[in-house]
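Have a look at the structure below before the remarks.
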Amino acid sequence: MDQAKEAGVLIKGLLDENCNWKVYIYVSPYKSTRSTLREMGRAFPESKIAGVREECRLREQDLGNFHDTHKIKQLNEMRNKFGRFFYRFPDGESGADVYDRVSNFLESLWRDIEMKRCIPNNNNNDGGSGELNLVIVSHGLAIRIFMMRWFRWSVDQFERLKNPDNCEFIVMQLGSGGEYSLSINHNDHKLTEWGLSHEMIADQRLRASGSSDALKQEDHHCLWYDAFFSHSEQQDQDQDEDHKTTK
């Protein structure tokens, strides 16, 4: 629980950079996450908490009805061979199942933001103004799936990712180009530690500082092109030369 308290203090330190801030919190219904929130929330003055919502779609991957330690170890070995994203635990979920419900949560999240459901109706004289920050208290795989869905990472890129440490938090901050990025608050070493490739980190840097036009022109080429095609710039030049020669 000391880790949760420390996480709360660190998060508040980031939020205090803007004096007029509030947080709206989504939390998984599991006991572990609710306990984490209880300790983490000690750092936040009551006046700064816009609201809390328990969100079942943020629960951890369902491993099925059997929780025998030896059996779970065997199933995890099978999952590592089959692939962490597509392997479904007996009577449980696959990573793809978690992806579907996290995607559904994201759609609800955007509706909440657009309809201003996260902004409390209160009698304070702040008029609901100020910087509203969203905090999601969830689990390792669900967090990785959330980032995969948000940043449109492929299954192969997801398979690279590692869980954050217990009570470690990940900050997605709005960049100057209007895109959220991990690079504003986390250095390349930390992103590499979490399993991001060089190309994924380059994309995060672009999101942090690139203009919206630059992002559209780039169209995240570094993320998707090499994953699906093997053409190189030199090959394209050679093909152009061949085309000119045959004319």
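Observations on the model:
- Qualifying residue in segment 224-243 (condition: at pLDDT below 70, more than 30 Å from Met40 (Cα to Cα) and surrounded by 14 or more Cβ atoms within 10 Å (Cβ to Cβ)): yes
- Within the set Arg144, Arg57, the sole residue that is within 22 Å of Gln173 (Cβ to Cβ), at pLDDT 95 or above, of a type in the set (Lys, Arg) and surrounded by 16 or more Cβ atoms within 10 Å (Cβ to Cβ) turns out to be Arg144.
- Residue within segment 70-84 that is under 29 Å from Val9 (Cβ atoms), of a type outside the set (A, V, I, L, M, F, W, C) and in contact (Cβ under 8 Å) with a residue 40 or more places away in the chain present: no
- Scan of segment 43-87 for residues that are of a type in the set (D, E, K, R) and part of a strand (DSSP E or B), ordered by number: Arg53, Glu54
- Scanning segment 24-42 for residues that are out of contact with any Leu (no Cβ under 7 Å at 6 or more places or on another chain) and either of a type in the set (D, E, K, R) or not in a helix (DSSP H, G or I) (or both) yields Pro29, Tyr30, Lys31, Arg34, Arg38, Glu39, Arg42.
- Selection of segment 137-174 for residues being within 26 Å of Gly51 (Cα to Cα), touching a helix residue (DSSP H, G or I) at 6+ places or on another chain (Cβ under 9 Å) and among the small types (Gly, Ala, Ser) yields Ser138, Ala142.
- Scanning segment 175-204 for residues that are of a type in the set (A, V, I, L, M) and either out of contact with any helix residue (DSSP H, G or I) (no Cβ under 8 Å at 6 or more places or on another chain) or in a loop (DSSP other than H, G, I, E, B) (or both) gives Leu182, Ile184, Leu196.
- Filter pass, Gly13 being closer than 14 Å to Phe169 by Cα and either in contact with an Asp or Glu (Cβ under 8 Å, 6 or more places away or on another chain) or among the charged types (D, E, K, R) (or both): no
The values are calculated or read from the model by the stated rules, or taken from the named source; none is laboratory data. None of the values given here were measured: they were computed from a predicted structure. Every residue, glycine among them, receives a Cβ derived from its backbone with ideal geometry; neighbour counts consider all protein chains shown.
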